[in-house]
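Enquirer: Got a structure for you, questions after.
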Amino acid sequence: MASGEFDDDPRYCGYTTYEFGEVDPDGLPATGEGATGVERRVWDALYEVEDPEMPVSVVDLGLIYGVDVTDGHASVRMTLTYTGCPARDMLLGDVESAAASAEGVESSAVELVWSPEWSLDLVTEAGKTALREFGVSI
């Protein structure tokens, strides 16, 4: 969909640019399981980034779709719980800073994607436990 094609669709925020990347939904939720070295350190840093409204990491919420580290550059592919998320800029900045803070990373970038759409199915078991402890019924 090109810019402007979202104007009449109530699922989309008029203040957001949408990119629909290719993410394999079978690989979600992405947790960094099996990652080693610098990539493992990036995942560990991302686990420290919490949603601003509840004490759950963005990884356990299922917002991180993938991490790639090449030649000291960390690329993080992520989504948000909904397209009009008011914490969008803060979360993107926090994720980019966390990825850049990992030892062995010289630069980082975050790619925000909307496909597949986020759903509760992407929340890890640890995330579901944390949400229940916080008082959210899932």
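Enquirer: Given an 8 Å cut-off on Cα distances and at least 6 residues of separation, report the relative contact order of the range 25-134 as a percent. Spell out each step's value before the answer.
Expert: On the way: 180 pairs, mean separation 35.3, N = 110.
Answer for the range 25-134 is 32 percent.
Enquirer: Fewest Cβ neighbours within 10 Å first, please rank 118, 43 accordingly.
Expert: Numbers: 118 20, 43 24.
So the ranking, lowest neighbour count to highest, is 118, 43.
Every number here is computed from the coordinates shown, using simple stated rules; none is lab data. Since the model is a prediction, treat every value here as computed from it, not as a measurement. Heads up, the Cβs are rebuilt from the backbone with ideal geometry, glycines too, and the neighbour counts pull from every protein chain shown.
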